[in-house]
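Structure, as structure tokens:
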Amino acid sequence: MTSKISLFSKGLFTANIKRFWWVSALYAFILFFIVPFRYMMFDPNAQNEWKRDLLEATINFFSGRNDIQMIMIAALPTALAVLLFRYLMSGKATAMIHSLPYSRRTLYFNQLTAGFLLLTAPVLLIGVIMAGLKIFTPLGIYYSMLSLLQWMGMTILFNTLFFSIAVFVGMFTGNSVAHIAFTYILHLLPVAIYVLVRDNIAAWLYGFSVSNNYDPFFDKLPWFVLFNNSPAQPFLPWKNVFGYLTVVLLFLAAAGYAYEKRKLEAAGDIIAFTFFRPIFKYGLTICAMLMGGLYFRSISEGALSIFLMGYLLSSLLAYGTAEILMQKSFKVWHTYRGYLVYLAVVSALLVSMQADVFGYARQIPELDEVEKVYFGYYANIWTSEDPATDPRYKNMHHEANTFFSDPENMKNIIALHTQLVQQPRQKVTGPSPYIVYILKNGKYQVRQYTIDEKQYASLLKPIYESREYKKAKYPIVVQKPEEIKWIQINDNRTSKKPLILADSPEMREFMGLFQDEVRSMTFEEMSAPSNGNVYMQIADNKDKYYYYELRKDFKSMIAWLEEKDYYENLVLLPKDIEYAVLRKEGVIAQAGRNGTASNAPDSVEIKDPEILRELLEISETAQYTYERVSIYVDFYIRGPYGPHSYRTPLYTNVPISDALKSYIETLN
């Protein structure tokens, strides 16, 4: 005679509901106050658009305004999973529960069923209340039944997803604290490993770009969907929904299988399965080594010895900690052989990357293999077929679109790349452009280097002076006057009114001078330092905006402004400066009631007109450096709308007068 054994047990299910009903009640209580109660408190006759938008966002899962709901989804399913399976973390509780006349499958099934009900019931209750408000009150005009159903479905889906992940993790540990910690680590682990490995490889492989090979898959991970949601995405695609449901089933099936195989003696252990202990130990060691190495490298400005010491100390600490946790003892010195093997493997890998055994750093494509080259500073823009029309780059600066398809320019970039490879790992400061080859076979080869523009001037010169580069950096050079709506010139250091030239002979005349200046610009002028304080904003007829600096070497344009008597009423002049104060780094300007600065020991006030003129010239012409600046200058300026101040670093890499040197020495 055969008998059927049901997986569902009314006794077990009821016991779980009685023990943990308060979790569901707490969830329902919080949801009530952040969803329907907010609607009830709103006056349907009010004309406050901001409040209306806030109400609509309450049941919009991707509104970006539901922080409390997102936190509840991230925290409550995990907490409930820990509570429901907490008996697996205690030896006595495990022995008692498994002595009951139920199979492990029955126990597992009833814990899951109770968990799903406790998480789903509050959402359904709030859904019923909101449906009632929709039908029986005027508040229903602020949301549709479809949006309510979408909110309920998304909330239940992510509750279930986070719950299933927490249940899965719980099968591999015998400690409740580790259960919580490992659950959240698993959520972030894929991205963490990617970032750590990527940044460490960049430190060893010359030319490797940290922006290389970003996978959009990471944006679909539950944690990042939950907290990086954007109003631009009003709903979750159906393929993502089916993907998450599949993940739920896989996690629950794997957790059920692990529960069947789990030993009762694992209660209290950090790692419940013996086979998983080496994975935990070496996984923790690798992650700690990568993180520690990057930290030590950042505080030592890239010193190799400190970098390696960071690797050694952090990996040793992590290895020892993992052994202590697994063995529940501080007597772990006998495990040193495993660490030595790990150290040997890592050392061989680092040596191979440093020596470029795989030829990564020396790989340069042939000219006939290349369709076009990107030489610029915007990451991943090369993945777009047409960045100018791609919505992802709608608000990008026009300089981002620095693609080269002219064979001569591509040849020059390859020559530059070849020279960079022949002199690797020089400690230089300067810009760090991407060199990206878009190959004819559809693939990309991405590299990034820090380039000393003076050292490679002969190779950069033909690139910078090419028509393609100038067209990308200064699109005005190919635009026609009838395409331009207006030109605005402004100095951000002063409160003087900007100059606006709009659809006039003056605008066309000024635009022509600008185009002539760009066409005649040399590499030396384009790479010369400039502060960007005086800038031009140009709007075309398609309402696209372009921003350019009015450089000091645009002499014909400045002469035109002076001739028209615009220049004096536009930019900051020495006569506009009342006085200046030199300050050491970190000293905050303190002004008295009358607007004058205090002469603190770390500051010195200057009123000499000649030195004020010199300071202004230095601020406009001194070359920017990547080194730390220790002295700043505050200009106190008279303006048409009252006094104000302007702060700038004082670069002393240009000749300065003896009088100014004496003021600087006073600070030192």
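Things to note:
- Look at the dipole of the chain built from charges on Cβ: of 235, 531, 404, the Cα furthest out on the positive end belongs to 235.
- Segment 101-115 and segment 279-315 have Cα centres spaced 44 Å apart.
- Cα→Cβ-extended label distance, 7 Å offset, between residue 329 and residue 621, nm: 7.6 nm
- With helices as the sole contributors, the chain gives -16500 deg cm²/dmol at 222 nm; each DSSP H run of n ≥ 4 counts as -39500 (n - 2.57), and the sum is divided by every residue.
- Taking 0.36 nm per residue of sequence separation and removing the Cα-Cα distance, the residue 564/residue 117 pair yields an extension gain of 153.1 nm.
- Of the DSSP H helices in the chain, those whose Cα atoms cover at least 20 Å axially and whose Kyte score averages 0.5 or more: 10-34, 67-84, 104-136, 145-170, 176-204, 238-261, 277-299, 304-327, 336-354
- Of the chymotrypsin sites (Phe, Trp or Tyr not before Pro) found in segment 276-364, those that fall in a DSSP loop while having at most 10 other beta-carbon atoms within 10 Å are 330.
- Cα gyration tensor shape of segment 14-143, rounded if a/c is under 1.5, else prolate or oblate by comparing a/b with b/c: prolate
- One decimal place: the segment residue 659-residue 352 gains 104.9 nm when fully extended, by the rule 0.36 nm per residue minus the C-alpha distance.
- Simple spin-label estimate for residue 415 and residue 185 gives 5.4 nm between the two label positions (7 Å along the Cα-to-Cβ direction from each Cα).
- Kirkwood hydrodynamic radius of segment 270-393, Cα pairs, Å: 18.3 Å
- Assuming charge only on the beta carbon of Lys and Arg (+1) and of Asp and Glu (-1), the dipole of the chain about its Cα centre is about 4080 debye to the nearest 20.
- Separation in nanometres of the label points that stand 7 Å from Cα toward Cβ, at residue 301 and residue 38: 4.9 nm
- Cut-off 9 Å between beta-carbons: net charge of the residues surrounding residue 637, Lys and Arg +1, Asp and Glu -1: 0
- Since only 333, 300, 288 are under comparison, the one whose Cα sits farthest along the positive direction of the charge dipole of segment 274-354, derived from C-beta charges on Lys, Arg, Asp and Glu, is 333.
- When the Cα positions of 39, 572, 547 are compared along the charge dipole of the chain, 39 comes out farthest toward the positive end, with charges on each C-beta of Lys, Arg, Asp and Glu.
- Shape analysis of segment 58-208 places it in the oblate category; the axes a ≥ b ≥ c from the Cα gyration tensor give an a/c of at least 1.5, with a/b not above b/c.
- For segment 442-532, the spread of Cα positions along each principal axis, largest first, Å: 45, 35, 27
- Over the chain, the alpha carbon radius of gyration divided by the compact-protein estimate 2.2 N^0.38 Å works out to 1.26.
- Among the listed pairs 92/328; 454/544; 372/555, those whose Cα-Cα separation exceeds 25 Å are 454/544; 372/555.
- Estimated FRET transfer efficiency when R0 is 56 angstrom, pair residue 478-residue 93 (beta carbons, to 0.05): 0.15
- Förster-model FRET efficiency, 45 Å R0, residue 652 and residue 444, C-beta, rounded to 0.05: 0.60
- Estimated translational D of segment 399-466 in µm²/s (Stokes, Kirkwood radius over Cα pairs; 10 °C; 1.306 mPa s): 123 µm²/s
- In summary, the lysines within cross-link reach of residue 584, defined as a Cα separation below 17 angstrom excluding same-chain residues under 8 places away, comprise 661.
- Length gained when the stretch residue 141-residue 257 is fully extended (0.36 nm per residue, less Cα-Cα span): 36.9 nm
Each value in this text was obtained by applying a stated rule to the coordinates, not by laboratory testing. Quick caveat, the model's predicted, so the values are computed rather than measured. When we count neighbours, we look across all protein chains shown, and the Cβ atoms used for this are built from the backbone with ideal geometry, even at glycine.
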